[in-house]
Structures are given as structure tokens and as C-alpha cells.
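Input: a single structure, listed below in C-alpha cells.
The values are calculated or read from the model by the stated rules, or taken from the named source; none is laboratory data. Just so it is clear, the model here is predicted, and its values are computed rather than measured. All Cβ positions, even for glycine, are placed from backbone atoms using ideal geometry, and neighbour counts span all protein chains on display. Remember, those area values only see protein heavy atoms, side chains included, never the ligands or the DNA or RNA. Shrake-Rupley method; radii C 1.70, N 1.55, O 1.52, S 1.80 Å.
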Amino acid sequence: MGSRSLQDIGPLTWPGVPLGAPLIVAGPCSAESEQQTLEAARQLSEIGIKVFRAGIWKPRTMPGGFEGVGDRGLPWLLRAGRETGMSLATEVATVEHVHAALDAGISILWVGARTSANPFAMQDIADALRGHDEVTVLVKNPVNPDLDLWLGALQRILGAGIHRLGAVHRGFSSAGEHLYRNDPQWHIPFELRRHAPGMTILCDPSHIGGKREYVEPLAQQALDMGFDGLMIESHCHPDQALSDSAQQVTPQQLKSILERLVVRSGTLLDDELALLRQQIDDCDHELLAVLARRMSVARQIGRFKKAHNMRVVQPTRYHDMIKARIDEGSSLDLPVEFTQRVMQAIHEESVRQQIDLFS
């Protein structure tokens, strides 16, 4: 795997980006046509963006959707780079993608969350990169919140001799309804920083938020936490985008966002208290999402009871439930009184919502 470790990786630099300034990587989710790609590149270059991103191979969760234009999009990216002077970045998910991008002269490759979760795929990509130590590789976090998977993916790329290496935090997939498209779980990139203190770590607020109105607050939060920059999806006509339309911003919207962002002195990334507080915030988000799901199920039960002319409150069920939850809480070192108060409050709200259905 090579003699170097992630501890040895230093920060990434690009021409035109002052040392210490946040690195902004921006561009459309997908290169859809030559005109659309060039229009986005020109407008982003005009607002000072130095690194242009666009996907040409777009693996989707379900077949049948737009999955990118493929190799024919590479010349569009190259023309965009020639005309604007921006560095070019695109996603690779297979060995064939790597070879095609390198042959075309793309200088920055990123590995997506689905791919970084697969050690077999990561090793294939690492082997394909061997001997190309001039290329920059950014590895997004895996879809599931597993720090070791992320570290392993990065170490495989490093083991291939790639030293221009960085990470991108784009959040983690989770079941159920949540505020954001992907759960941030900020403590995981914090822990990544401990393993690779000098490595560039970007935040992708577009994929975390899933909606364009979340891009700015998430971007500010990331900078406040000490991330080294941002990867943001930007499309000249986002509502017409063939992929991820809801989370893309126009270049002018991006310009306004970047002008409002505050880069504070110092960093909270290594602050133990900040890490613990963020974990509290993550727990609170999870609690609220679970409570919302529980109330949804309670309303379904209420509709069933109404349809079958049943009483809302079933005393035997209530007492059995409270006792079972108190016993479970005790096994988790939660005080009996605390568990009882919490469960009684939750049950009372469930009953109230069911009674509302009868009125």
C-alpha cells in the first residue's frame, strides 16, 4: 500500500486560489449539452470560480433516469477549460471512466459515495490510477456512516501513489423523512480530520441539503467548523436540470452566497467541545425525525380505531408499553423517572392526535 500514510497528506492548492482561502469547486450536477456546459463554465468563471465540476457519468439509484452523456461530454469539459482557464473535475466510478478521463487530460477526479462504499471498486480505481501521480483525487464519504470505509477508500488511492488527495463530505443516506437529503453526521468528518490533519476536506452542501435554500446555511456551518472549502452544484437554469434540479443554484445565486459567507479566524474543527455539541445536535435531529415517524404511525392507528369503532385509549396496552419502555431504558442506563416522563409525554401527544381524528 506504500510507505506514506494519511498523516503525511498536505493541503491541496490551485492556481488563483490564495493560500488559506476556501477552495470553491462549482458547476452543474451533469454536463447535459455542450452549450449548457460552456454557459455554466463561462458564468462561473466570471464570478471567480477556479475549479469547474460537471458529471458526465451519472450512476442513479433507479434505472431509466438521466445517467449522463458519457464520453462524448469530455470534449465539452476540455473546451470549457480552454476558454476559461479553470481546472476541470469529473466523477469516476469505474476503471473505464478513469482511463477515459485521464486520456482526455482531466486533472481532477472525484469518487462518489456509492463507489467509495465498495472496497473492490476502490481498489480497481486505485490500480487504474497507478503511475498518474500528477492527478488530483477527491473521495466523497461512503453512503453509509462508516469512518473506516472512508479511510480505507482514501488509503487505497494513496497506496497507488496519488498524493494530491482530498476528501468531500456530502452526508449519509438514512431511512425516513429528515430535514436534509443526507444526514450530515458532522462528527465523522471531524474524526477523519484526526486521521489526516493536513488533508483538504471539502463540504458538499448541495448533496447534504438536497434543496437550494439549504446551501448557504450549510456552507456557512461548514466553514465555521473549519472545512477547507466547498463543492457546490450550479446550473444556469436549475429548474430545467436533468438531474438534482432542486439543489442547484444559478451562478449569480452562488455569487451572492459566496459574498455573504463569513470566513472566521481560527477553527472549531479540533475543538473538542464543538465536536461534542455537534454530536448533541445530530442526536436531536434524529430524535425529532423518529418522533415525527412515531406520530405518523399513531395517526394511522387512530384511523384504524375510528374505522372499527374502537376506543382511542387501551389501558392494558398503555401499561404494558410503559413498563416495557422503562425496562428497556433501565438496560440502557436511563433513570426510571426520566424514561417514564418521556414516554408519558409521547403517549399523551399520540392520544391527542388520535382523538383529533374522531372530532
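Just for the range 159-168: of the residues that are open to solvent by 10 Å² or more (accessible area, probe 1.4 Å) and outside any loop (DSSP other than H, G, I, E, B), which one is nearest to R4 (Cα to Cα)? My answer is G159.
Determine whether Q300 is in contact (Cβ under 8 Å) with a residue 24 or more places away in the chain, open to solvent by 70 Å² or more (accessible area, probe 1.4 Å) and in a helix (DSSP H, G or I). Against the criterion (in contact (Cβ under 8 Å) with a residue 24 or more places away in the chain, open to solvent by 70 Å² or more (accessible area, probe 1.4 Å) and in a helix (DSSP H, G or I)), Q300 does not qualify.
Being assigned to a helix (DSSP H, G or I) and without any contact (Cβ under 8 Å) to a residue 12 or more places away in the chain is true for just one of R82, R42. Which residue is that? Criteria check complete, one pass: R82.
Any residue that is at pLDDT 95 or above, farther than 17 Å from L179 by Cα and not in a helix (DSSP H, G or I) - is there at least one of those in the range 251-265? So far as the range 251-265 goes, yes, one or more of its residues are at pLDDT 95 or above, farther than 17 Å from L179 by Cα and not in a helix (DSSP H, G or I).
Within the range 308-359, which residues are of a type in the set (S, T, N, Q), touching a Gly at 6+ places or on another chain (Cβ under 9 Å) and open to solvent by less than 60 Å² (accessible area, probe 1.4 Å)? Once the filter is applied, which keeps residues that are of a type in the set (S, T, N, Q), touching a Gly at 6+ places or on another chain (Cβ under 9 Å) and open to solvent by less than 60 Å² (accessible area, probe 1.4 Å), the range 308-359 yields T339, S350, Q353, Q354. Taking the range 90-103 as the range and being open to solvent by 30 Å² or more (accessible area, probe 1.4 Å) and among the aliphatic types (A, V, I, L, M) as the test, only V95 passes. Filtered by the rule that a residue be in a loop (DSSP other than H, G, I, E, B) and either in contact with a helix residue (DSSP H, G or I) (Cβ under 7 Å, 6 or more places away or on another chain) or buried (at least 24 other Cβ atoms within 10 Å of the Cβ) (or both), the range 19-31 gives P22, P28, C29, A31. I'm trying to understand the selection: among the residues of the range 51-72, which are open to solvent by 10 Å² or more (accessible area, probe 1.4 Å), among the charged types (D, E, K, R) and either closer than 21 Å to L202 by Cα or assigned to a helix (DSSP H, G or I) (or both)? Residues satisfying the conditions are K58, D71, R72.
Taking the range 32-50 as the range and being of a type in the set (A, V, I, L, M, F, W, C) and either touching a strand residue (DSSP E or B) at 6+ places or on another chain (Cβ under 6 Å) or crowded, with 20+ Cβ neighbours inside 10 Å (or both) as the test, the residues that pass are A40, A41, L44, I49.
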